[in-house]
Amino acid sequence: MLRVGLLGAGRIGRIHGGNVAAHPKAQLVAVADASLEASQTVAAETGATVGTIDGILQDGGIDAVLICTPTDMHADLIEKACQAGKAVFCEKPVDLDAQRIRACLKVVEDCGGQLMIGFNRRFDPNFAALRRRLWDGEAGEVEIVSVISRDPAPPPVDYVKRSGGLFRDMMIHDLDMARFLLGEEPVEVYAVGSALVDPAIGAAGDVDTAAVLLKTASGRIAQISNSRRATYGYDQRVEVHGSKGMIRAGNVHESTVEVATASGFQADPVQNFFLQRYAEAYRLELDAFVTSVTEKSPFSPSGEDGLKAQILADAATESVRTGAPVRVG
């Protein structure tokens, strides 16, 4: 039984804590959060005890930790946990600065640490099935990857100011998905962005509407479309066009029910919140982490995946600033 400590008991920590508690091969032992009330809530729901971050890191009876704290704590906690001999699952990103990520990954390597980064969309059953069929050659050689990701509504401006910007906060998931599907690393990034949804986001120096083109050395292309507003729900779609055809994964609706009348077909709305849309992905992600720890198999997504996605997000941010493509790699 893998004994796990949870660092951070906010919205995403509560999801991961519940998944650990429900896992047949794991036990949530302790929870720590700056908010005692948040810690107590998760502890009551999972049967864990309320602890402190230092206490969990120093507890020799805890095998692994889940880091779900604010981003500016991630890198330090990864280093401390790995140095304490614990396997680490950390929500994205490792840090908002690529150099800090590199330094963190060096510490992990030096102490032989085990690290997995939370790019949960790789574990979405629809996207995972798309990739398996892509890798089986059903679409032939990849030519164009298209990723659409649009939130139902923008976040508060206070959040935007500390998020690192749309490319590092929101699109980083899609940049990882593009890498996951292209089969080659992008070498060029071109991005455009505007503040069309909320003028306050533009005033804060960020964009809320953006598109990015990625190009690999062989010429494969990925195109990503992001918006902080989708009036019809949480829009999450992926399409891959190849030499033999196309594979796509569409939105998940509230139900599969359709009504057909003389005026046309009507379906239920798409799911409206990321915790609902990706509930199964979070469960499968946690299962993959537990399996990697217990079976001593490679961790994926790795810390290196986290770094590469961050480099692409930085390049997109720079491209918007300069209006020019940015070389990476």
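The numbers here are math on the coordinates, done by the rules we state, and not lab data. All figures in this text were calculated on a predicted structure; none of them were measured in a lab. Cβ: placed from backbone, ideal geometry, glycine included. Neighbour counts: every protein chain shown.
When R150, R133 are ordered from fewest to most other Cβ atoms inside 10 Å of their Cβ, what list results?
Details: R150 19, R133 14.
Fewest-to-most ranking of R150, R133: R133, R150.
Measure nothing fancy, just the Cα-based angle from helix 171-182's long axis to the longest principal axis of the chain, in degrees from 0 to 90, nearest 10.
With both axes taken from Cα atoms, the answer is about 70 degrees.
Using a cut-off of 15 Å between beta-carbons, work out the net charge of the residues near V160 (Lys and Arg +1, Asp and Glu -1, V160 not included). Working shown, then result.
On the way: positive: K161, R162, R168, R228, R229; negative: D151, D158, D169, D198, D206, D208.
It works out to a net charge of -1.
What's the Kirkwood radius of the stretch 139-271 in Å, using all Cα pairs?
Values: mean 1/r = 0.0614 Å⁻¹.
Result for the stretch 139-271 stands at 16.3 Å.
What angle do you read, to the nearest 10 degrees and between 0 and 90, between the alpha-carbon axis of helix 98-110 and the longest principal axis of the chain?
For 98-110 against the chain, the angle is about 40 degrees.
Under unit Cβ charges (Lys, Arg +1; Asp, Glu -1), what dipole magnitude, rounded to 20 debye, does the stretch 121-246 have relative to its Cα centre?
Values: 16 positive and 18 negative charges, 31 e Å.
Magnitude of the dipole: close to 140 debye.
Once the stretch 124-171 is represented by equal point scatterers at the alpha-carbon sites, with solvent omitted, what log10 I(q)/I(0) does the Debye formula produce at q = 0.22 Å⁻¹?
-0.84
Given Cα positions, please report Rg to Rh for the stretch 2-113, the hydrodynamic radius being the Kirkwood one.
On the way: Rg = 13.2 Å, Rh = 13.8 Å.
Rounded to two decimals, Rg/Rh equals 0.96.
Mind checking which aspartates and glutamates have their C-alpha under 14 Å from K161, skipping anything on the same chain fewer than 8 residues away?
D72, D169, D198, D206, D208
For the chain, what's the relative contact order in percent, using C-alpha pairs closer than 8 Å and at least 6 residues apart?
Numbers: 669 pairs, mean separation 62.3, N = 329.
Value for the chain: 19 percent.
Report the Cα-based extents of the stretch 245-329 along its three principal axes, largest first, to the nearest Å.
55, 47, 30
By the scheme Lys and Arg +1, Asp and Glu -1, what is the net charge of all other residues having a beta-carbon under 10 Å from that of V142? Please report the intermediate quantities before stating the final value.
Working: positive: R220; negative: E141, E143, E184.
With Lys, Arg at +1 and Asp, Glu at -1, the neighbours total -2.
State to the nearest 20 debye the size of the charge dipole of the chain about its Cα centre, where the only charges are +1 on K and R beta carbons and -1 on D and E beta carbons.
Numbers: 33 positive and 43 negative charges, 70 e Å.
So the dipole magnitude of the chain works out to roughly 340 debye.
Quick query: amide H of L196 versus all other amide H atoms, modeled in the peptide plane; which residues come in under 5 Å with a sequence gap of 5 or more or a different chain?
For L196, the qualifying residues are D208, T209.
For the chain, report the translational diffusion coefficient in µm²/s to the nearest whole number, using Stokes-Einstein at 4 °C, 1.567 mPa s, and a Kirkwood Rh over Cα pairs. Show your work: numbers first, answer last.
Values: Rh = 20.7 Å.
Stokes-Einstein gives a translational diffusion coefficient of 62 µm²/s.
How many angstrom lie between the C-alpha centres of the stretch 250-302 and the stretch 126-176?
14 Å
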